[in-house]
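*Asks:* Questions regarding the structure given below will be posed in turn.
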Amino acid sequence: MASSGPIEHRAYARVGLFGNPSDVYYGRTISFSLGNFWAGVLLEPSEKLVIQPHPIHDLVEFESIDRLVGRVQNGGFYGGVRLLMAICKIFFNHCVDKGIALHGGNFTLSYDTNIPRQAGLSGSSAIVCATLNCLLDFYKVRHLIKVEIRPNLILNAEKELGIVAGLQDRVTQVYGGLVYMDFSKEHMDKLGHGLYTPMDRSILPPFYLIYAENPSDSGKVHSTVQKRWLDGDPLIISSMEEVANIALQGREALLKKDNDKLAELMNRNFDLRRLMFGDEALGSLNISMVEVARSVGAAAKFTGSGGAVIALCPKGPSQAEDLKVACQKAGFIVQQAVVVSSFLSDEEPKVAASS
């Protein structure tokens with residue numbers, strides 16, 4: 001039977017540390033859950049099924065037309081209601097396809113989020129992930145939907161809405177903590193998902209998150225590269241293979257706690273992205289964040305596809321102070337990254353191992 005009480009879940013922003021964006025191209029990545037920002041979803045049993053609009057993100061009442069236009073220019077046309085509806089559809093269809101019976105009544109879904117918009121921190125998928133967790137617990141079917149499959153459901157919900165992305169972000173938000181991911185074609189074709197290996201978050205050195213209050217749109221970055229990759233462009237193919245290999249080297253450097261190597265790999269990861277996508281696609285503001293970090297000797301790369309940057313100070317606390325001063329002078333927000341622990345329960349690794 002379905003749960004009779006309220007259910008609440010959080011899903012966190014994510015930082016792509018190494019290998020992104022190769023998750024879309026049968027590559028490898030390392031990411032971690034970022035505790036600085038999150039999305040929360042509340043499910044409450046109710047007589048009818050209700051998707052509750054957010055008072056800010058789903059605003060449909062304005063004082064004037066210029067206020068409406070200002071809201072659209074700053075936040076886009078869409079809020080979170082469509083995300084909640086999309087994952088409800090994908091979840092229901094998956095359960096029907098797999099013969100998973102859904103018993104119980106209706107519910108009301110509401111959400112909130114403090115993840116900065118368009119900052120490349122995976123805010124949309126955090127809302128979807130938190131909603132999926134609520135549905136799994138409401139219908140008591142968590143044990144019937146393997147943990148490796150859940151990122152696919154989240155991604156499919158976003159694809160319903162025309163959001164172009166890969167599995168990396170959704171894996172990180174489902175698993176939590178620090179995760180190494182292998183998306184080789186062999187695994188994807190055979191299993192329908194990659195191989196996901198949780199790592200001990202205590203091996204991470206301090207990282208610093210840099211972002212702007214009004215970031216550029218991060219959704220345009222994948223477009224031309226994907227077509228060139230499909231067309232067999234040698235530069236894109238070789239560069240994407242190198243990006244994927246950076247995740248492999250990054251895993252070794254993390255285990256050895258070799259911060260100088262980590263810094264070198266982070267910088268190379270960004271330089272390859274810049275080579276493939278070009279400055280126009282990346283955006284001058286995004287590039288500026290990386291350059292400001294590098295001006296004090298810190299390593300820096302995008303957390304995702306742009307909008308925020310993750311930085312490492314291999315020389316330690318004094319360099320971190322220099323980084324903060326440089327970012328503040330440039331008008332960027334900087335804060336130490338908080339790494340969330342793994343979300344996997346004692347039962348869920350067993351579910352994962354049964355695939």
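*Asks:* Multiply the residue separation of LEU255 and ARG294 by 0.36 nm, subtract the distance between their alpha-carbon atoms, and state the gained length in nm to one decimal.
*Replies:* Additional length available on full extension: 11.6 nm.
*Asks:* Carbon and sulfur atoms: what percent of the 1.4 Å accessible area of the range 170-215 do they account for?
*Replies:* Answer for the range 170-215 is 46 percent, counting heavy atoms of protein chains only.
*Asks:* Relative to the present Cα-Cα distance, how much length would full extension add between GLU186 and ASN93 at 0.36 nm per residue of separation?
*Replies:* Length difference between fully extended and current span is 30.8 nm.
*Asks:* So how many Å³ per residue does the convex hull of the Cα atoms of the chain work out to?
*Replies:* It comes to 143 Å³ per residue, whole-number rounded.
*Asks:* Please list LEU43, LEU230 in order of solvent-accessible area, largest first, computed with a 1.4 Å probe with all protein chains present.
*Replies:* LEU230, LEU43
*Asks:* Give, in nm to one decimal, the length gained when the segment between ASP279 and SER341 is fully stretched (0.36 nm per residue of separation minus the Cα-Cα distance).
*Replies:* 18.8 nm
*Asks:* Sorted from largest to smallest, which semi-axis lengths in Å does the alpha carbon gyration tensor of the range 183-321 give for its equivalent ellipsoid, taking the root of 5 times each eigenvalue?
*Replies:* For the range 183-321, the semi-axes come out at 25, 22, 13 Å.
*Asks:* Follow-up. When only the heavy atoms of the protein chains count and the probe is 1.4 Å, how do HIS103, HIS187 rank by accessible area, highest first?
*Replies:* On the way: HIS103 105, HIS187 40 Å².
Largest accessible area first, the list is HIS103, HIS187.
*Asks:* Taking the 0 to 90 degree range and rounding to the nearest ten, how far is the long axis of helix 317-330 tilted relative to the main principal axis of the chain, both from C-alpha atoms?
*Replies:* Approximately 80 degrees, to the nearest ten.
*Asks:* Only helical DSSP H runs with n ≥ 4 go in: add -39500 (n - 2.57) per run for the chain, normalise by residue count and round the 222 nm mean residue ellipticity to 500 deg cm²/dmol. Display every interim value, and only then the final one.
*Replies:* On the way: 13 runs with 155 residues, N = 355.
Here the helix-only value at 222 nm equals -13500 deg cm²/dmol.
*Asks:* Could you give the semi-axes, largest first, of the ellipsoid that matches the range 1-154, computed as the square roots of 5 times the alpha carbon gyration tensor eigenvalues and rounded to whole Å?
*Replies:* That gives 27, 24, 13 Å for the three semi-axes.
*Asks:* Please work out whether the range 95-194 counts as rounded, prolate or oblate from its C-alpha gyration tensor, where a ≥ b ≥ c are the square roots of the eigenvalues and a/c under 1.5 means rounded, while otherwise a/b larger than b/c means prolate and anything else oblate? Spell out each step's value before the answer.
*Replies:* On the way: a/c = 1.83, a/b = 1.11, b/c = 1.65.
The shape class here is oblate.
*Asks:* Quick one: angle between helix 234-256 and the longest Cα principal axis of the chain, in degrees between 0 and 90, rounded to 10, please.
*Replies:* 90
*Asks:* Which pairs break 28 Å Cα to Cα here: LYS159/LYS257; LYS146/LYS256; LYS227/LYS324; LYS227/LYS301; LYS146/LYS185; LYS98/LYS190?
*Replies:* LYS159/LYS257; LYS146/LYS256; LYS227/LYS324
*Asks:* Still on this structure: Take the alpha carbon gyration tensor of the range 137-199, find the square roots of its eigenvalues, order them as a ≥ b ≥ c, and report rounded if a/c is under 1.5; if not, report prolate when a/b exceeds b/c, else oblate.
*Replies:* It is rounded, given that a/c, with a ≥ b ≥ c, falls under 1.5.
*Asks:* Let me ask something additional. Relative contact order for the chain: what is it in percent, counting Cα pairs under 8 Å that are at least 6 residues apart?
*Replies:* In percent, rounded to a whole number, it is 25.
*Asks:* Can I ask one more? Compute the helix-to-body angle for 81-97: its Cα long axis versus the longest principal axis of the chain, expressed 0 to 90° and rounded to tens.
*Replies:* Result, in degrees: 70.
*Asks:* Okay, next question. Calculate, for GLN328 and THR224, the FRET efficiency according to 1/(1 + (r/R0)^6) with r their C-beta to C-beta distance and R0 41 Å; round to the nearest 0.05.
*Replies:* 0.75
*Asks:* Next up: What residues qualify as long-range amide H neighbours of THR303, i.e. H under 5 Å apart, gap of 5 or more or another chain, H built at 1.01 Å from N?
*Replies:* Long-range HN contacts for THR303: ALA308, VAL309, ILE310.
*Asks:* Also, quick follow-up: Hey, if we sort ASP97, ASP137 by accessible area with the 1.4 Å probe, largest down, what's the order?
*Replies:* ASP97, ASP137
*Asks:* Among bridges DSSP assigns within the chain, what percent are antiparallel (round to 5)?
*Replies:* 95
The values are calculated or read from the model by the stated rules, or taken from the named source; none is laboratory data. Everything numeric in this text was worked out from a predicted model, so none of it was measured. Every residue, glycine as well, gets a Cβ built from its backbone with ideal geometry; the counts of neighbours run over all protein chains shown. Side chains included, ligands, DNA and RNA excluded: accessible areas come from the protein's heavy atoms. Shrake-Rupley method; radii C 1.70, N 1.55, O 1.52, S 1.80 Å.
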